[in-house]
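Student: Have a look at this one.
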Amino acid sequence: RVYPAAGTIAESANAAAPSTPAPTGLAGLRAWVAEIAELTQPESIVWCDGSPGEADRLTKQLVAEGKLIRLNPEWRPNSFLARTDPGDVARVEDRTFICSLDEEDAGPTNNWREPEAMRAELRGVFAGSMRGRTMYVVPFSMGPLGGPISQVGVELTDSDYVAVSMALMTRVTSQVLDLIDAGQPWVPTVHSVGAPLIDDAGVRHEDVAWPCNTTKYIVQFPETREVWSYGSGYGGNAILAKKCFALRIASAMARDEGWLAEHMLLVKVTSPEGRAFHFAAAFPSACGKTNLAMLRPTIPGWKVETIGDDIAWLRQGADGRLRAINPEAGFFGVAPGTGELTNKTAVDTLWGNTIFTNVALRDDGDVWWEGLTETPPAHLIDWQGNDWTPESGRPAAHPNSRFTVAAAQCPSIADDWDAVDGVPIDAILFGGRRATNVPLVAQARDWKHGVFIGATISSEKTAAAEGTVGELRRDPFAMLPFCGYNMADYWGHWLEVGEQLGSNAPAVFQVNWFRKGDDGRFLWPGFGENSRVIEWIARRVEGTAGAASTPIGRLPLVDELDLDGLDLPAEDVAELFEVDRASWLAECDLTEEYFDRFGSRVPAALRAELASLRYHLNA
Ligand code: GDP
Ligand code: PGA
Ligand code: MN
């Protein structure tokens, strides 16, 4: 690929041929780096090796530049606070594009742009976008280096915050370069905050604490397996290995190669008898993945260990079973609501070596956010750098404030969390935030029914993406913002994977921790108490727990869910499991409308599931 030099962008719209996949070998990588440097014109280029020394150097530099605040090492050693621009606090779904050659391949749920037109637009915004800045070359492995389910990539970024975050979130090492040199395919990703320090007239400007641009582009080219991100420094928009590669690009790779790239946490669950199970669970952003991944059971004898909290790559193993890895190496978790009572494991994970973004700063140089402690400190500096007191009447931390920390630091991390061949999956859970209708837990009758449940998940919107919080929207498989191709084709792919797995297919469940009573309070205590649901699921997998058939799936038999020691009124328990036929029939109508958006690409098996659901609800 040859990019025109900056300044000749306008003529280039029709000039370039479609891009080919990433060049191979180290020479190919070097040529690509040179090409992007030619386009973006950074002042210098630094190749990262992910070492502790490098992280130390970068964070010191960020602190010196006023881009990170070093927290008081007495409370939080080697930890930092970043405050973003107030306009750059979450993923920007309306500026996220899937640029497949054919619009139909992106499907109605993605923003599509014709690839060549988008390339021309990107060349325009990236031209000179790194002037005055350093371009970091960050080679990373998703999954254990060289593992059979793993992949490698390279991110070029002009954000030192992103370079540091990548080293926490992925396996950044120069050994990746050896793999690339040996001919392994790699995914090229390019990121610029879109805030050059030298303007067109050659005048140098002062940097700001959080450089970004009001114009943003988060662009995926699924065919050529590339990511281009411009204008944002926020995690999901800028740490390109994560949502952009590990979900959007990887889901398209998985479709082509017969595996699955999913928005799922991974846990190892051990029963009191010592039997180990592995579960994968897909919940939309800010709907409880990190919490479930770090669950502390409240029921005796059960143990839950963490493997991953956000993304899973799953592939059928030589043993015929579906095996999963966590491709990441760190957690980028939601801070608010994370406290001693809800997620003590996360709190313990964050003892040090953590980057916090948009949380509040305490007077003693430590951090705070809503939910960390019951009583807020009397005085804080809020996420925007202003004085805050409990009387201020606004949150001290941004609702989507985050922590970035290495997975290995998590006290509940499982010993097999980075097993190269992954772990065998016994059950898959789908969930979302549903104040009504959806019961606490239900088991799918079979894989097809499970795919129907996954395909029809709705969830109330959260602060993890720009938009109206609380609005109910369809979020199939929790992949709505992350599926790199046509969502209906994706459902078809899941059905095919099920065929391939046959009797090895994991059991599928739907869960909902968020059902509310008429008075608006959560009916279910959630968090550690979710272990009661986990127990029932494990017992179902084992074949030792009973279930009652209902039109929407199999529900726990009365008394089979362990509610000992819970102060739950019987009416609440009944309401948690209530299946209201009229509301479900109304939901079926919405599902039909939803399916119709995808036209003939909806798999017949899912239409059949819908017909069967209606039939049983009417029976
Ligand atoms: P993720 O983005 O999917 O990883 O979600 P998190 O685990 O970070 O949780 C997002 C928000 O949901 C946090 O504020 C949590 O405190 C809250 N949350 C998580 N699990 C539960 C639960 O079981 N019940 C309730 N009521 N809230 C929960
Ligand atoms: P999450 O998404 O809420 O699923 O953790 C992180 C992000 O915004 O990139
Ligand atoms: Mn999370």
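Student: Looking at the stretch 267-279, which of the residues that are out of contact with any Asp or Glu (no Cβ under 7 Å at 6 or more places or on another chain) and part of a strand (DSSP E or B) is farthest from ligand 1 (Cβ to nearest atom)?
Tutor: So, considering only residues that are out of contact with any Asp or Glu (no Cβ under 7 Å at 6 or more places or on another chain) and part of a strand (DSSP E or B), the one farthest from ligand 1 (Cβ to nearest atom) is 276.
Student: Run down 306, 357, 345, 298 and say which single residue is within 30 Å of residue 544 (Cβ to Cβ), within 17 Å of the chain's Cα centre (by Cα) and of a type outside the set (Phe, Trp, Tyr).
Tutor: On the way: 357 fails: within 30 Å of residue 544 (Cβ to Cβ); 345 fails: within 17 Å of the chain's Cα centre (by Cα); 298 fails: within 17 Å of the chain's Cα centre (by Cα).
Matching residue, one of 306, 357, 345, 298: 306.
Student: Considering only residues of the stretch 254-266 that are part of a loop (DSSP other than H, G, I, E, B) and away from ligand 1 (no atom under 16 Å from the Cβ), which is surrounded by the fewest Cβ atoms within 10 Å (Cβ to Cβ)? Walk me through how you get there before you give the answer.
Tutor: Taking the stretch 254-266 as the starting set, the residues that turn out to be part of a loop (DSSP other than H, G, I, E, B) are 258-259, 263.
Subset that is away from ligand 1 (no atom under 16 Å from the Cβ): 258-259.
Numbers: 258: 12, 259: 21.
The extreme case among them is 258.
Student: Might you check whether a residue that is open to solvent by less than 40 Å² (accessible area, probe 1.4 Å), within 16 Å of ligand 2 (Cβ to nearest atom), among the hydrophobic types (A, V, I, L, M, F, W, C) and in a helix (DSSP H, G or I) occurs anywhere in the stretch 393-414?
Tutor: Yes, the stretch 393-414 contains at least one residue that is open to solvent by less than 40 Å² (accessible area, probe 1.4 Å), within 16 Å of ligand 2 (Cβ to nearest atom), among the hydrophobic types (A, V, I, L, M, F, W, C) and in a helix (DSSP H, G or I).
Student: Given the structure, is residue 310 in a loop (DSSP other than H, G, I, E, B), touching a residue at least 40 places away in the same chain (Cβ under 8 Å), more than 30 Å from residue 380 (Cα to Cα) and among the acidic types (Asp, Glu)? Step through it out loud before you land on a result.
Tutor: On the way: in a loop (DSSP other than H, G, I, E, B): yes; touching a residue at least 40 places away in the same chain (Cβ under 8 Å): yes; more than 30 Å from residue 380 (Cα to Cα): yes; among the acidic types (Asp, Glu): yes.
It is true that residue 310 is in a loop (DSSP other than H, G, I, E, B), touching a residue at least 40 places away in the same chain (Cβ under 8 Å), more than 30 Å from residue 380 (Cα to Cα) and among the acidic types (Asp, Glu).
Student: Which of the residues belonging to the stretch 347-384 are open to solvent by 10 Å² or more (accessible area, probe 1.4 Å), assigned to a loop (DSSP other than H, G, I, E, B) and either of a type in the set (Val, Ile, Thr) or modelled with pLDDT under 95 (or both)?
Tutor: Once the filter is applied, which keeps residues that are open to solvent by 10 Å² or more (accessible area, probe 1.4 Å), assigned to a loop (DSSP other than H, G, I, E, B) and either of a type in the set (Val, Ile, Thr) or modelled with pLDDT under 95 (or both), the stretch 347-384 yields only 375.
Student: So, in the stretch 320-336, of the ones that are in contact with a strand residue (DSSP E or B) (Cβ under 7 Å, 6 or more places away or on another chain) and assigned to a loop (DSSP other than H, G, I, E, B), which residue ends up farthest from ligand 1 (Cβ to nearest atom)?
Tutor: To start, the set of residues in the stretch 320-336 that are in contact with a strand residue (DSSP E or B) (Cβ under 7 Å, 6 or more places away or on another chain) comprises 321-336.
Keeping just the survivors that are assigned to a loop (DSSP other than H, G, I, E, B) gives 321, 326-329, 335-336.
Values: 321: 26, 326: 13, 327: 16, 328: 12, 329: 16, 335: 8, 336: 5 Å.
Only one residue tops the list, namely 321.
Student: Check every one of the strands (runs of 3 or more DSSP E) wholly within the stretch 456-531 and list those with 2 or more residues that are within 16 Å of ligand 2 (Cβ to nearest atom) and either modelled with pLDDT of 95 or more or within 28 Å of residue 574 (Cβ to Cβ) (or both). Step through it out loud before you land on a result.
Tutor: On the way: elements: 458-460, 472-474, 507-511.
It comes to 458-460.
Student: Can you give me the ranges of the helices (runs of 4 or more DSSP H) entirely in the stretch 534-619 with at least 1 residues that are β-branched (Val, Ile, Thr) and open to solvent by 20 Å² or more (accessible area, probe 1.4 Å)? Full working, then the answer.
Tutor: Working: elements: 570-577, 581-596, 604-618.
In the stretch 534-619, 570-577 are the helices (runs of 4 or more DSSP H) which contain 1 or more residues that are β-branched (Val, Ile, Thr) and open to solvent by 20 Å² or more (accessible area, probe 1.4 Å).
Student: Go through the stretch 272-286 and give me each residue that's modelled with pLDDT under 95 and surrounded by fewer than 24 Cβ atoms within 10 Å (Cβ to Cβ).
Tutor: If the condition is that a residue be modelled with pLDDT under 95 and surrounded by fewer than 24 Cβ atoms within 10 Å (Cβ to Cβ), then 286 is the only one that fits.
Student: Just need a number here: residues in the stretch 508-519 that are touching a residue at least 12 places away in the same chain (Cβ under 8 Å) and surrounded by fewer than 21 Cβ atoms within 10 Å (Cβ to Cβ).
Tutor: Residues in the stretch 508-519 being touching a residue at least 12 places away in the same chain (Cβ under 8 Å) and surrounded by fewer than 21 Cβ atoms within 10 Å (Cβ to Cβ): 2 in total.
Student: Somewhere in the stretch 575-585, is a residue within 16 Å of ligand 1 (Cβ to nearest atom) and over 26 Å from residue 319 (Cα atoms)? If you could, list the steps in order and put the result at the bottom.
Tutor: Of the stretch 575-585, the ones within 16 Å of ligand 1 (Cβ to nearest atom) are 575-576.
With the extra rule that they be over 26 Å from residue 319 (Cα atoms), the set shrinks to 575-576.
Within the stretch 575-585, one or more residues are within 16 Å of ligand 1 (Cβ to nearest atom) and over 26 Å from residue 319 (Cα atoms).
Student: What number goes with the only condition from (1) open to solvent by less than 10 Å² (accessible area, probe 1.4 Å); (2) within 15 Å of ligand 1 (Cβ to nearest atom); (3) within 30 Å of residue 274 (Cβ to Cβ) that residue 344 does not pass?
Tutor: In the conditions (1) open to solvent by less than 10 Å² (accessible area, probe 1.4 Å); (2) within 15 Å of ligand 1 (Cβ to nearest atom); (3) within 30 Å of residue 274 (Cβ to Cβ), residue 344 misses (1) alone.
The values are calculated or read from the model by the stated rules, or taken from the named source; none is laboratory data. Because the structure is predicted, anything quoted here is derived from the model rather than measured. Note that each Cβ is placed from the backbone with ideal geometry, even for glycine, and that neighbours are counted across all protein chains shown. Accessible surface is based on the protein model in full, side chains and every heavy atom, while ligands, DNA and RNA are left aside. Shrake-Rupley method; radii C 1.70, N 1.55, O 1.52, S 1.80 Å.
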